[in-house]
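Following: one structure in structure tokens, then a few remarks.
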Amino acid sequence: MTSELGARICSRVNVWQTLVDSDPTKLHQELDRAHTILADNIREVRRSIFALRPVDFDELGFYQTMQQFVTAFGEQQGLVANLSIAGARERLPVGWEPLLMRIAQEALNNISKHARARRVRVTLNLESADRVVMQIEDDGIGFAVGTLEQAARRGHYGIVQMRERVAGVGGTLTIESESGQGTCVRVTLPMPWRVEPYAE
């Protein structure tokens, strides 16, 4: 609970006490409102903790870590979240695995904050000999893609930073969305060589 929220609740306690006998109906309305505020804050705290969790591939490897992350996101947000991987689960060039994971984290964080989605699908396509493609799709409310530039000017740099990181390794990041039509974040990384598969 934030100190601001605690102060707001405390300021209402005296009001609730006076309503116990004088206006029980209004007291119930006040308590319902307080319940909603608390629930919203708890969800925000959980979302923040989830978004800031460190990622360690050493124990499980990239693909299993990604699977656990997507599954945990769905459970934490109360929605259906799936990961599908097409192609051989090969080791990716140095730095790409944490890059893809951070992009997935940022995209899923944005979904939890804004999308009002019921379903999320993350796909990793490793079938091509010369590129890796990751997509994060949701069935949420969508938005006008042109508003991203306005958001960046207001200090919301998440998407801008993701795009810069991808460009830094020669890749591209695109976002497709329309109001009411969900959103798709697509990352394409060029890979002119293959690295050894993960051991089974």
Whenever you get a sec, line up Ile159, Ile141 from highest to lowest accessible area (probe 1.4 Å, protein heavy atoms).
Ile141, Ile159
What's the center-to-center distance, using Cα atoms, between the stretch 109-146 and the stretch 67-108 in Å?
10
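The values are calculated or read from the model by the stated rules, or taken from the named source; none is laboratory data. Owing to the predicted nature of the structure, the values given are computational and were not obtained by experimental measurement. For accessibility, only protein heavy atoms count, side chains too; no ligands or nucleic acids. Shrake-Rupley method; radii C 1.70, N 1.55, O 1.52, S 1.80 Å.
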